[in-house]
1. Pairs, please: C-beta under 8 Å, at least 6 apart or cross-chain, first residue more than 16 Å from Pro241 (Cα to Cα) and in the stretch 213-225, second among the polar types (S, T, N, Q) and modelled with pLDDT of 95 or more?
2. Going by the conditions given, is Ile42 β-branched (Val, Ile, Thr) and either assigned to a strand (DSSP E or B) or surrounded by fewer than 22 Cβ atoms within 10 Å (Cβ to Cβ) (or both)?
3. For the stretch 67-83, indicate whether the set of residues that are of a type outside the set (A, V, I, L, M), closer than 23 Å to Ser168 by Cα and in contact with a strand residue (DSSP E or B) (Cβ under 6 Å, 6 or more places away or on another chain) is non-empty.
4. Can you report the number of residues in the stretch 167-178 which are at pLDDT 95 or above and surrounded by 24 or more Cβ atoms within 10 Å (Cβ to Cβ)?
5. Any idea which residue in the stretch 45-87 is surrounded by the most Cβ atoms within 10 Å (Cβ to Cβ), counting only those that are in a loop (DSSP other than H, G, I, E, B) and of a type in the set (D, E, K, R)?
6. Being under 16 Å from Ala252 (Cβ atoms) and either in contact with an Asp or Glu (Cβ under 8 Å, 6 or more places away or on another chain) or among the acidic types (Asp, Glu) (or both) is the filter here; which residues of the stretch 176-204 pass it?
7. Just to check your reading of the model, which residue among Met68, Met33 is within 22 Å of Ala254 (Cβ to Cβ) and either without any contact (Cβ under 8 Å) to a residue 40 or more places away in the chain or more than 16 Å from the chain's Cα centre (by Cα) (or both)?
8. Being in a loop (DSSP other than H, G, I, E, B) and farther than 22 Å from Asp20 by Cα is the filter; apply it to the stretch 145-161 and report the residue that is nearest to the chain's Cα centre (by Cα).
Amino acid sequence: MLLLPLMLLAAQEPILIDCDPGKFTDDNVAIAMLIRSGKFKIAGITVVAGNVWANEGLRNARATLQMMDVEDVPVHLGAQQPLRHTAEMAAKEKPLEFAGAFDLRRPRAEKETAVDFLIETLEKQPMTVLAIGPLTNIAQALQKKPSIASKIKRLVIMGGAVRVPGNSNKTAEFNFWFDPEAAKIVLESQIADKVLVGLDVCNQAVYGKPVFDAIVSGKAPFRHIFREQFGYGYPGFLKDPQAKGFLWDELAAAYLIDPSVITKSEDLPLSVDENFGERYGAVQIRPSGPLTKVMLQVDSPKATKLYSELLTR
């Protein structure tokens, strides 16, 4: 089991992570970063359909914790489909850059426990929630128990594209595109402190093969699977030494670990287009309403240095 100094353990901030991890992708790396920072006590992980179906994501999250030698974090199965969006709808939207689970065979449904776990945990102890997948679980929790909005001390979301193009369709970032209705519910909710780490800053957080080389030659227990996934999958550093990677979920984790990696933000009243069409899942700036802190500029060298250091040692 991962051992940390007693003084550090006492100072750890409790956090919940809601994610859609693939075999070892940006979600898994974000989890590893938070663990390795020593700053957080993960109170639980909830899994949602997105990059993969939630059943597979559940196994991947547990495998990541096992790889990190962390034994005391509960992992719960969450929403196994978006509120409205379907694979049949996505087929009508093609061509898409990435359709996530919609391109995979859907498994048999299993019992979902994530929403109840989120509600019960937050009612016992208000805390930060890091949401790095589609927002279906968070939206369902708010619908089932609206009062938990006041129990979420801070909601840090990796998702959305406010003033830049999308990366699933032309206007929408993948997490928001996969479940636009859920993203709309969450952004319009009464959660007081909402932070959006979207493509506006993720597009600026770029790293190259030297960072990849440092990680795979380091001592981290996940370095071999990191080499396989990031070397031969996206961004494919072992196939193209000139490839560039972007920090997505990892940047949201980096912000939690060191907020100074973000150098500019703006508070905006946001919503999401839920009309099925070319702008399905696109972020909208409203005339008024609950505010979200939108991250606009990142210190990319600082963010990538933090990323590399946490994953190398």
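1. Phe222/Asn28; Phe222/Thr64; Arg223/Ser217
2. Answer is yes for this residue.
3. Yes, there is a match, as at least one residue in the stretch 67-83 is of a type outside the set (A, V, I, L, M), closer than 23 Å to Ser168 by Cα and in contact with a strand residue (DSSP E or B) (Cβ under 6 Å, 6 or more places away or on another chain).
4. Residues in the stretch 167-178 being at pLDDT 95 or above and surrounded by 24 or more Cβ atoms within 10 Å (Cβ to Cβ): 7 in total.
5. Arg84
6. Of everything in the stretch 176-204, those that are under 16 Å from Ala252 (Cβ atoms) and either in contact with an Asp or Glu (Cβ under 8 Å, 6 or more places away or on another chain) or among the acidic types (Asp, Glu) (or both) turn out to be Asp193, Gly198, Leu199, Asp200.
7. The match here is Met68.
8. Lys151
The values are calculated or read from the model by the stated rules, or taken from the named source; none is laboratory data. Quick caveat, the model's predicted, so the values are computed rather than measured. Cβ coordinates were reconstructed from backbone atoms using ideal geometry, including for glycine residues, and neighbour counts include every protein chain displayed.
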